[in-house]
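A.B. asks: Below you will find the structure I want to go over with you.
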Amino acid sequence: MVLHGVKAANLYQKPCPADQCQDISSQRSARTVNLYQKPYSLPDARALMDHARKLVNAGIPNTRLKRFGYAPSLGKINGTLECLKLYTRTGKDQRPIIWNALDHFDCMSNIPWKEVAQKDKDNAQADTTMLADMIELTGFIRKD
C-alpha cells in the first residue's frame, strides 16, 4: 500500500518486508549447494536410471515425486525439511526404495544432500544432490 509516495510500512515505523528479505539473504553461509552431482560415471548413470525406474514402479504418486525433485531448490535447510516431510508421509513399503536411491549416492545421512568435507576456506566445495536429476528421469519412464 502506498500513501502519497510513502510506503505504508515506513508510515508506522515498521521495516518493509522486502528489506527484511535482503537482510536475511545476506546472512547466509558461504557454503554453496549444487542441485546435481554431474558428471556421472557410467555406473552411476545406470544406477540413477535404475533407481528412477524403481521409484516409478513403486507406485509413488507423480505429484510426490515432483515435490521431491523440487525440494532441493528450496535451499539446504528448507530442502531437507521438505524431503523429510515427504519421506515420512510416503507409504512404509515405498520408503526403502527412496532410502536405497539416496543412500547409493551418499545423500541419506543429510537428506537429500551429499556433504563434501570442507578442508579449508580457500578450497570451498559445494554440497550436492542427485535427487533433481533422478526425478527428472522419472518423467520419461513408464510404469511396468
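The values are calculated or read from the model by the stated rules, or taken from the named source; none is laboratory data. Treat the numbers as computed from the prediction; the structure is a model and nothing was measured. Neighbour counts run over all protein chains shown; Cβ positions are idealised from the backbone, glycine included.
A.B. asks: Do you know which residues across the stretch 71-113 are among the hydroxyl-bearing types (Ser, Thr, Tyr) and touching a residue at least 24 places away in the same chain (Cβ under 8 Å)? Explain how you work it out, then say what you get.
C.D. replies: Within the stretch 71-113, the subset among the hydroxyl-bearing types (Ser, Thr, Tyr) is 73, 80, 87-88, 90, 109.
Once the filter is applied, which keeps residues that are among the hydroxyl-bearing types (Ser, Thr, Tyr) and touching a residue at least 24 places away in the same chain (Cβ under 8 Å), the stretch 71-113 yields Ser73, Thr80, Tyr87, Thr90.
A.B. asks: Could you check the stretch 1-115 for helices (runs of 4 or more DSSP H) lying wholly inside it with 1 or more residues that are among the polar types (S, T, N, Q) and modelled with pLDDT of 90 or more?
C.D. replies: 42-57, 62-70, 76-88, 95-104
A.B. asks: Additional query: Out of (1) assigned to a loop (DSSP other than H, G, I, E, B); (2) aliphatic (A, V, I, L, M); (3) exposed (fewer than 12 other Cβ atoms within 10 Å of the Cβ), the odd one out for Ile141 is which?
C.D. replies: (3)
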